[in-house]
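**Q** Dumping the structure here so I can ask a few things about it.
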Amino acid sequence: MTRERLLIIGGDAAGMGVAAHARRGRPEDELEIIALERGRYTSYSACGIPYWIGGEVGSRDELIARTPPEHRAQGIDVRLRTEATAIDLVARSVTARDLDDGSLCELSFDDLVIATGASPTWPDLPGLDASGLHGIQHLQDGDEVRAALDAGATRAVIVGAGYIGLEMAEALVRRGLSVTVIDRGQQPMSVVDEDMGALIAHAVRALGITLLTGTDLLEVTVADSRATGVICKALAGPPQRLDADLVILALGTTPQSELARAAGLDIGASGGIATDAAMRAQIGGVAQEHIWAAGDCVEVMHRVSQRPVAIALATHAAKQARVIGTRIAGGSATFPGVLGTAATKICALEIGRTGLSSREAAAAGFDVEATTVESTTKAGYFPGAEPITTKLLAERGTGRLLGAQIVGHEGSAKRIDVLATAIWCGLTVGQISELDLSYAPPFSPVWDPVQIAARKAAGR
Ligand SMILES: Cc1cc2nc3c(=O)[nH]c(=O)nc-3n(C[C@H](O)[C@H](O)[C@H](O)COP(=O)(O)OP(=O)(O)OC[C@H]3O[C@@H](n4cnc5c(N)ncnc54)[C@H](O)[C@@H]3O)c2cc1C
């Protein structure tokens, strides 16, 4: 049997996930696996960067699940500082550049996996090409922020109050910096509704962070080619200058799909590589055999809106990688789509969301009935019982749950998983109120907050 080659572009969650699953199913003498990674690390947890910056995780190395030697021991040839620069689908080869010596090489493939991730969104504004501006995406970005802290940074401006911006804000406050976060939205975290965002805003400010909402970035101020702060503007106010030693842009991410686009593969409206349920890339809507894509660089089907979306989450990347690896190993698997279920925390306040927000539901054409309830994380009399707010969005008429958001103290965020499961299974709020969920005073009231919300939504 001739040995086939699996070539992977991108050496993090999606790419190395494919490698691991494929290797499990096919030995080295059958399948050669080469992974190209332009950065200095593989298999790292980008999700852990804010906790490393903030000091909760002791060292960068703890964020690295597997080093290149560990991959090589499993017959996976990882090439660091090696950037794929072009894909030739006809010749079935990839051009790669060694970023240390500039040399180019051609690598043929039998199977190709594009797992290039996403990059921080970088608006076209004055000063955005200055050095000392940081997006937070890869482990190297964490290195740069740590270097700025070591150099004595005391003031930080973070542009964007999504979960990465807020996690970084908390991390920098923990490190003793004075932090200002600006965001165009009226409330932070646009993936939840504004009323839930207002609860988050309260927690952010209670942490000592200056949060300027309804505020647009106009430009980054620059001296000697380095970012020295920002000029921003509230809707009704004059432009305001904020000086900083550290400026972080956390305006969301854009799928890195340029290589795929240049190769002629379909790119969806979200900017992600279009994929089918087998995670195959497409040309003209036709799935391409042995050309796969996974992770933050792709778009996949949203199970509620039935529209393609690009949502950058490690959970999606891992599951998509399993599908591809299983298929390359000769098995069968399909990716069933996403709900965008996510959790984060700001200090003691936990946040969970799943399915569609009110804005997304309206955009998808749903008529939604929203129900919000306040409850407690444990039995009301139990020591440590804290407030939890649960918001359900159900389809008017049918009662089918379309989306849910939870903001509350310890024990709140992971409750979103019950609601994600309910949406996944197409349950109505009435059915959710009947689920046999657990109870003991240290964990919840007799009626769990998600069921109190479901009962109210169902009018029971
Ligand atoms: C601060 C932060 C916190 C997060 N927290 C969470 C969380 O709590 N929960 C969650 O589910 N998700 C979280 N995420 C998202 C999660 O990290 C991503 O969804 C996940 O890393 C995606 O994996 P990926 O392999 O698709 O992309 P990436 O992890 O971005 O990896 C892509 C890799 O491809 C490499 N690459 C790109 N182009 C080329 C090329 N041409 N040649 C060679 N190599 C290339 C890049 O250098 C990169 O290493 C967080 C992300 C960040 C930044």
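**Q** Rounded to whole Å and sorted largest first, list the principal axis extents of the Cα atoms in the stretch 372-460.
**A** So the three principal-axis extents are 40, 20, 20 Å.
**Q** State the answer as a single residue: which of A19, A148, P126 lies farthest towards the positive end of the charge dipole of the chain, with beta carbon charges of +1 for Lys and Arg and -1 for Asp and Glu, about the Cα centre.
**A** So the residue furthest toward the plus end is A19.
**Q** Can I ask one more? Stretch D276-K233 to full length: gain in nm at 0.36 nm per residue minus the Cα-Cα span? Display every interim value, and only then the final one.
**A** On the way: separation 43, 0.36 × 43 = 15.48 nm, distance 4.25 nm.
Length gained, D276 through K233: 11.2 nm.
**Q** Could you state the orientation-averaged shadow area of the convex hull built on the Cα atoms of the stretch 179-324, in nm² to one decimal? Numbers along the way, then the final one.
**A** Working: hull surface 48.4 nm².
In nm², the orientation-averaged hull projection of the stretch 179-324 is 12.1.
**Q** Could you grab the relative contact order for the stretch 244-357? Cα pairs under 8 Å, six or more apart, rounded to a whole percent. Could you put the intermediate results ahead of the total?
**A** Values: 191 pairs, mean separation 22.0, N = 114.
Reported as a whole number, the value is 19 percent.
**Q** Which one of G162, G352, I328 is farthest out on the positive end of the charge dipole of the chain, using unit charges on Cβ (Lys, Arg +1; Asp, Glu -1) and the Cα centre as origin?
**A** Of the candidates, G352 comes out farthest on the positive side.
**Q** With a Förster radius of 22 Å, plug the Cβ-Cβ distance of A223 and S119 into 1/(1 + (r/R0)^6) and report the FRET value to the nearest 0.05.
**A** Here the calculated transfer efficiency is 0.30.
**Q** Determine the per residue accessible area of the chain with all protein chains present and a 1.4 angstrom probe, expressed in square angstrom. Walk me through the numbers before you get to the answer.
**A** Numbers: 19680 Å² over 460 residues.
Solvent-accessible surface per residue comes out at 43 Å².
**Q** A follow-up question, please. What is the distance in Å between the Cα centres of the stretch 388-460 and the stretch 288-306?
**A** The two parts, judged by their Cα centres, are 29 Å apart.
**Q** Just to be sure I understand the model, the point goes 7 Å from the Cα along the line to the Cβ. What's the resulting C425 to S59 distance in nm?
**A** Modelled inter-label distance: 4.5 nm.
**Q** Going from the alpha-carbon gyration tensor of the chain, what semi-axes, largest first and in whole Å, does one get by taking the root of 5 times each eigenvalue? Could the numbers behind the result be given before it?
**A** Details: eigenvalues 270, 182, 84 Å².
After scaling each eigenvalue by five and taking roots: 37, 30, 21 Å.
**Q** Based on Cβ point charges of +1 for Lys and Arg and -1 for Asp and Glu, what charge dipole magnitude is obtained for the stretch 311-460 about its Cα centre, in debye rounded to the nearest 20? The partial results should precede the final answer.
**A** Numbers: 15 positive and 12 negative charges, 65 e Å.
Magnitude of the dipole: close to 320 debye.
**Q** I'd like the antiparallel share, as a percent to the nearest 5, of DSSP beta bridges with both residues in the stretch 111-262.
**A** Numbers: 16 of 32 bridges.
Taking every DSSP beta bridge with both residues in the stretch 111-262, the antiparallel ones total about 50 percent.
**Q** With the dipole of the chain worked out from charges on the C-beta (+1 for Lys and Arg, -1 for Asp and Glu) around the Cα centre, which of V286, L218, A385 lies farthest toward the positive end?
**A** Result: A385.
**Q** Got a sec to turn the phi values of the stretch 110-118 into Karplus ³J(HN,Hα) couplings, 6.51 cos²θ - 1.76 cosθ + 1.60 with θ = phi - 60°, whole Hz, x for Gly and Pro?
**A** Values, residue by residue: 9, 10, 10, 10, 9, 9, 8, x, 10 Hz.
**Q** If you rank V429, V222 by how much accessible surface each has, with a 1.4 Å probe, what is the order from largest down? Could you put the intermediate results ahead of the total?
**A** Details: V429 5, V222 70 Å².
In descending accessible area the options line up as V222, V429.
**Q** Could you order peptides 258-267, 402-411, 439-448 by the average number of other Cβ atoms within 10 Å of their residues, highest first?
**A** Working: 258-267: 17.6, 402-411: 24.4, 439-448: 15.4.
Listed from highest to lowest mean packing, they are 402-411, 258-267, 439-448.
**Q** Could I ask something else about it? Taking the alpha carbon gyration tensor of the stretch 250-364, what are the square roots of 5 times its eigenvalues, largest first, to the nearest whole Å? Don't jump to the answer; show the numbers that get you there.
**A** Values: eigenvalues 132, 54, 38 Å².
After diagonalising the Cα gyration tensor, the semi-axes are 26, 16, 14 Å.
**Q** Can you pull the percent of the chain's accessible area that's carbon plus sulfur, 1.4 Å probe, other chains left in place? All intermediate terms of the calculation are to be shown ahead of the outcome.
**A** On the way: 10140 of 19680 Å².
Taking all protein chains in place, the chain shows 52 percent carbon and sulfur surface.
**Q** May I ask for the equivalent-ellipsoid semi-axes of the stretch 129-209, computed as the square root of five times each C-alpha gyration tensor eigenvalue and listed largest first in whole Å? Walk me through the numbers on the way to the answer.
**A** Values: eigenvalues 111, 40, 21 Å².
Over the Cα atoms of the stretch 129-209, the ellipsoid semi-axes are 24, 14, 10 Å.
**Q** Taking the simple approach of a point 7 Å from Cα along Cα-to-Cβ for both R460 and C105, what is their distance in nm?
**A** Those two pseudo-labels are separated by 6.3 nm.
**Q** In debye to the nearest 20, how big a dipole does the stretch 305-362 give about its Cα centre with +1 on each Lys and Arg Cβ and -1 on each Asp and Glu Cβ? Numbers along the way, then the final one.
**A** Numbers: 7 positive and 2 negative charges, 21 e Å.
Once rounded to the nearest 20, the dipole reads 100 debye.
**Q** In square angstrom, rounded to the nearest 10, how much accessible surface does M189 have for a 1.4 Å probe?
**A** So the heavy atoms of M189 present about 10 Å² to solvent.
**Q** How far is the Cα center of the stretch 72-110 from the Cα center of the stretch 352-379, in Å?
**A** 45
**Q** Roll a 1.4 Å probe over the protein heavy atoms and report the accessible area of Y41 in Å², nearest 10.
**A** My reading of the accessible area for Y41 is about 30 Å².
**Q** Charges only on Cβ, +1 for Lys and Arg, -1 for Asp and Glu: so what's the dipole of the stretch 239-321 about the Cα centre, in debye to the nearest 20?
**A** Numbers: 6 positive and 8 negative charges, 51 e Å.
About 240 debye.
**Q** Which loop GluC sites (Glu not before Pro) in the stretch 22-109, with loop taken from DSSP, have no more than 15 other Cβ atoms within 10 angstrom of their Cβ? Mind dumping the intermediate values first?
**A** Numbers: sites: E28, E30, E32, E37, E56, E62, E70, E83, E106; in loops: E28, E30, E37, E56.
Listed in order of number, the matching sites are E28, E30, E56.
**Q** If W122, W52 are ordered by their accessible area, calculated over protein heavy atoms with a 1.4 Å probe, which sequence runs from highest to lowest?
**A** Values: W122 105, W52 15 Å².
Reading off the accessible areas and sorting them downward yields W122, W52.
**Q** Still on this structure: Take the stretch 301-460, compute every pairwise Cα distance, and split them into 10 Å bins from 0; I just need the percent in each bin.
**A** In order of increasing distance, the bins hold 11, 37, 31, 16, 4, 0 percent.
The values are calculated or read from the model by the stated rules, or taken from the named source; none is laboratory data. Being a predicted model, the structure only gives us computed values, none of them experimental. As a convention, Cβ positions derive from the backbone with ideal geometry for all residues, glycine included, and neighbour counts pool all protein chains shown. To get the accessible areas, we keep the full protein, side chains included, count just its heavy atoms, and leave off ligands, DNA and RNA. Shrake-Rupley method; radii C 1.70, N 1.55, O 1.52, S 1.80 Å.
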